[in-house]
Amino acid sequence: MEEIENIFRDSSTGLSGELVDTILRGGKIDRLERAISPESGNPSRVYDQEEDEFVMVVRGYAEVEFEENGRKEIKKMVDGDYTTIPAHLKHRVVKTDEGTTWLALFYKK
């Protein structure tokens with residue numbers, strides 16, 4: 001299943017110099033989207049996309065369900081959490097708080 005990471009990790013660790021991580025490399029960018037969600041407990045449609053997707057919750061709370069090989073798993077995402085979703089990995093948003101703000105970058109390898 002997909003791993004959730006956080007953009008703010010290591011940001012308050014008393015660094016003596018700049019810390020640089022490569023989050024995503026390669027591919028051809030198709031589009032970058034911003035989305036703002038209402039409060040909802042109603043699952044979205046199931047997405048099965050042609051592109052790979054890098055998605056981050058900039059602010060808010062969401063629960064995303066991933067389905068792989070018939071197995072479903074719900075991952076919680078909060079401020080700064082991000083993951084990559086490979087093309088054709090079925091997923092849907094099952095819960096959001098009011099004003100949850102997302103960035104989604106769609107790309108092809």
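Every number here is computed from the coordinates shown, using simple stated rules; none is lab data. All figures in this text were calculated on a predicted structure; none of them were measured in a lab. Cβ placement follows ideal geometry from the backbone for every residue including glycine, while neighbour counts extend to all protein chains displayed.
Glu3: touching a residue at least 24 places away in the same chain (Cβ under 8 Å), out of contact with any helix residue (DSSP H, G or I) (no Cβ under 9 Å at 6 or more places or on another chain) and surrounded by 11 or more Cβ atoms within 10 Å (Cβ to Cβ), yes or no?
Values: touching a residue at least 24 places away in the same chain (Cβ under 8 Å): yes; out of contact with any helix residue (DSSP H, G or I) (no Cβ under 9 Å at 6 or more places or on another chain): yes; surrounded by 11 or more Cβ atoms within 10 Å (Cβ to Cβ): no.
Spelling it out, it is not the case that Glu3 is touching a residue at least 24 places away in the same chain (Cβ under 8 Å), out of contact with any helix residue (DSSP H, G or I) (no Cβ under 9 Å at 6 or more places or on another chain) and surrounded by 11 or more Cβ atoms within 10 Å (Cβ to Cβ).
Could you grab the pairs with beta carbons closer than 9 Å, sequence gap of 6+ or different chains, first residue in the range 53-69 and in contact (Cβ under 8 Å) with a residue 60 or more places away in the chain and charged (D, E, K, R), second one surrounded by fewer than 16 Cβ atoms within 10 Å (Cβ to Cβ) and in a strand (DSSP E or B)?
Matching pairs, first to second residue: Glu68/Lys90.
Return yes when Gly26 is small (Gly, Ala, Ser), in contact (Cβ under 8 Å) with a residue 60 or more places away in the chain, loosely packed, with under 12 Cβ neighbours inside 10 Å and in a loop (DSSP other than H, G, I, E, B) and no when it is not. Reasoning before the result, please.
On the way: small (Gly, Ala, Ser): yes; in contact (Cβ under 8 Å) with a residue 60 or more places away in the chain: yes; loosely packed, with under 12 Cβ neighbours inside 10 Å: yes; in a loop (DSSP other than H, G, I, E, B): yes.
Yes: the conditions hold for Gly26.
Out of (1) free of Cβ contacts under 8 Å to residues at least 24 places away in the same chain; (2) over 17 Å from Leu103 (Cβ atoms); (3) outside any strand (DSSP E or B), what's the single condition that is false for Lys72?
For Lys72, the exception is condition (3).
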